[in-house]
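See below for the structure under consideration.
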Amino acid sequence: MKHTVNISLQILPDSKSKHPYDIVDKAIAVIAASGLKYKVCPFETVIEGEYNTIMDLIREVHETCLEYGAEKIFSYIKVQIDKSGDVSIDDKTGKYEK
């Protein structure tokens, strides 16, 4: 898949030693450092890029969360792929941005 796709990632970490928001902040930092376009939403973060690149990033996010103190992670992933071309965050939500 060489087209640009959108993948949303919701991380629900479980930890006895860390607050879930702190672990989610680490996950978002990994996504931000990737250089990919992304948008943080209240329940999930949407990432735009090439499919394999994003899936590798999701693995890195999981590893980081576990290293930082998550004992369990529940991840919910949604993927939008368009066989005929690229998928853009802006195409779907740009008109709602202020």
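Every read-out reported here was derived from the displayed coordinates using simple, explicitly stated rules and does not represent laboratory data. It should be emphasised that the depicted structure is a prediction, and the values quoted were computed from it without experimental measurement. No Cβ is skipped: glycine too gets one built from the backbone with ideal geometry, and neighbour counts run over all protein chains shown.
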Inset, instruction - Please work out if residue 14 is charged (D, E, K, R) and touching a residue at least 60 places away in the same chain (Cβ under 8 Å). - result: yes
Inset, instruction - Mind checking which helices (runs of 4 or more DSSP H) fall wholly inside the chain and carry at least 3 residues that are surrounded by 18 or more Cβ atoms within 10 Å (Cβ to Cβ)? - result: 20-33, 51-68
